Amino acid sequence: MKAQSELGGWTENAALLYYQAFLLYEKPEDTLKQVLGEFRAGEIGSNEAIRAHIEKNRRVIEYAVKAASVPHCDWGYDYSEEIDLALPNLHPIRYLAWLLSTDARLLAEQGDHRTALDRCVTMHKMALHAVDKSMMTYLLGSSTGALANRTIQAVLAVMPGDVGTLQRLKAQLSQVQAAFPPLENAVTQ
């Protein structure tokens, strides 16, 4: 087995994997973006364009899942800039969360409820990674977690009863939610 240092810095910092996912992500054009939003909202079923978008971004999803498994995430913000602090990852994290939510709903539609719920847990871990010292990152983390919760509700609505999967989900969510920092931390910053 290779030593951690031989595997690269990503084993110590999830941000390195997220940044790669951001670079590989192929944003949908406006029409497809609207269709994807309608699909995530449960207004329409999947179609070939939605499935193609997910397949085109399969590697991006793999990077996100791998990044979410890394405990530490340092985005490398330059806090010396104070009010002019650049947060270039805010929009890409949202895009990545939307992609994972779309994938989860597609997986649920195809009957793979366990993997669909795993995508939701990945979104919750991303939310935890998104939160840093500033209020903006806290709000991003909160909105990503809210999207994950809406997606979980949608998956559970079409999933047949499976006590084992539900207990597994409950345990995973408990761990992530216990680690989410309180709002007071962001307010004091």
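Among the residues of region 63-85, are any β-branched (Val, Ile, Thr), at pLDDT 95 or above and within 23 Å of residue 27 (Cα to Cα)? Yes - at least one qualifying residue is present in region 63-85. Of all residues in region 57-75, those that are within 15 Å of residue 13 (Cα to Cα) and assigned to a helix (DSSP H, G or I) total 6. Within region 99-125, restricting attention to residues that are in contact (Cβ under 8 Å) with a residue 60 or more places away in the chain and touching a Gly at 6+ places or on another chain (Cβ under 8 Å), the residue that is surrounded by the most Cβ atoms within 10 Å (Cβ to Cβ) is 105.
In the set (1) under 19 Å from residue 147 (Cα atoms); (2) over 15 Å from the mean Cα position of the chain (by Cα), residue 83 fails one condition alone, (1). Out of region 151-165, which residues are loosely packed, with under 14 Cβ neighbours inside 10 Å and in a helix (DSSP H, G or I)? Hits for region 151-165 are 153, 157, 158, 163, 164. Can you find a residue in region 76-89 that is outside any loop (DSSP other than H, G, I, E, B), in contact (Cβ under 8 Å) with a residue 12 or more places away in the chain, under 20 Å from residue 141 (Cα atoms) and out of contact with any helix residue (DSSP H, G or I) (no Cβ under 8 Å at 6 or more places or on another chain)? The answer is yes; a qualifying residue exists. Scanning region 67-80 for residues that are crowded, with 17+ Cβ neighbours inside 10 Å and farther than 15 Å from residue 132 by Cα, we see that the one that is nearest to the chain's Cα centre (by Cα) is 68. Tell me, which residue of region 103-141 that is among the polar types (S, T, N, Q) and more than 11 Å from the chain's Cα centre (by Cα) is nearest to residue 16 (Cα to Cα)? Restricting to residues being among the polar types (S, T, N, Q) and more than 11 Å from the chain's Cα centre (by Cα), the top hit is 137.
Would you check which residues across region 34-56 are assigned to a loop (DSSP other than H, G, I, E, B) and farther than 18 Å from residue 148 by Cβ and list them? Selection gives 43, 44, 45, 46, 47.
The set of residues from region 132-150 being at pLDDT 90 or above and open to solvent by less than 30 Å² (accessible area, probe 1.4 Å) comprises 144, 145, 147, 148. Listed by first and then second residue, the pairs with beta-carbon distance under 8 Å, at least 6 apart or on different chains, first residue in region 27-49 and touching a residue at least 60 places away in the same chain (Cβ under 8 Å) and within 19 Å of residue 154 (Cα to Cα), second of a type in the set (Val, Ile, Thr) and surrounded by 11 or more Cβ atoms within 10 Å (Cβ to Cβ), are 36/50; 36/102; 39/50; 39/102; 40/102; 40/151.
The values are calculated or read from the model by the stated rules, or taken from the named source; none is laboratory data. Keep in mind that this is a model prediction, so the values were computed, not measured. All Cβ positions, glycine included, derive from the backbone under ideal geometry; neighbour counts span all protein chains shown. When the accessible area is computed, the model is the full protein with side chains, heavy atoms only, and any ligands, DNA or RNA have been set aside. Shrake-Rupley method; radii C 1.70, N 1.55, O 1.52, S 1.80 Å.
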